[in-house]
Amino acid sequence: MSSPLELGGSLLAGAALALWMFGGLWVTVRRLPSIAQPTPLILISFGLRLGGTVLGFALLALVSWQAVILALVGFLIARTLLVRLFGSSRQEADTPNRGRTPA
């Protein structure tokens, strides 16, 4: 595994797996308030997201261990970007007293 195309493909595959995992989590969390019985949704969503992510990394492991390492790097980079894009502004708006002790 030495060509730049394979290296980039592994990074993109990791980013796609992160989008699958954390995008699915985001969709699930957004739907929770409107559902009367949230437990089945949580369990099914977790199973599908985890299963798809593990399957993706397992398929990359068939290529080479370097592909798995690069995919993990892409996964972590994409996760960081997704948290910065979608997590910080919403979190600050929801928790105005974060870091402060109640009086």
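Rule-based calculations on the coordinates, nothing more; no lab input. Everything numeric in this text was worked out from a predicted model, so none of it was measured. Ideal geometry is used to build each Cβ from the backbone, glycine not excepted, and the neighbour counts take in all protein chains shown.
Below are the figures for this structure:
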| quantity | calculated |
| --- | --- |
| Cα gyration tensor, the stretch 7-93 - rounded (a/c under 1.5), prolate or oblate | oblate |
| Distance between the stretch 31-48 and the stretch 53-69 - C-alpha centres, whole angstrom | 28 Å |
| Spin-label model distance (nm) - L62 vs S3, 7 Å beyond Cα toward Cβ | 1.9 nm |
